[in-house]
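Scroll down for the structure; my scribbles are underneath it.
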């Protein structure tokens, strides 16, 4: 894929983190998309802070 799932950083553009709705995740309703947005945002934030 074009995104490193451990950091949510683009493999094409260094320093670009792709999270939440930008991932175009298709899931059932009921909070799954919100959970994905929160989790990917947290992962990207941790990775960006460590960079």
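Remarks
- Within the range 1-17, if we keep just the residues that are within 15 Å of residue 36 (Cβ to Cβ) and in contact with a helix residue (DSSP H, G or I) (Cβ under 7 Å, 6 or more places away or on another chain), the residue that is surrounded by the fewest Cβ atoms within 10 Å (Cβ to Cβ) turns out to be 17.
- The single condition among (1) surrounded by 13 or more Cβ atoms within 10 Å (Cβ to Cβ); (2) under 11 Å from the mean Cα position of the chain (by Cα) that residue 22 does not satisfy is (1).
- Lone qualifier among 47, 27, 51, 36 - being at pLDDT below 95 and surrounded by 14 or more Cβ atoms within 10 Å (Cβ to Cβ): 36
The values are calculated or read from the model by the stated rules, or taken from the named source; none is laboratory data. Keep in mind the model is a prediction, meaning the values are calculated, not measured. Every residue, glycine as well, gets a Cβ built from its backbone with ideal geometry; the counts of neighbours run over all protein chains shown.
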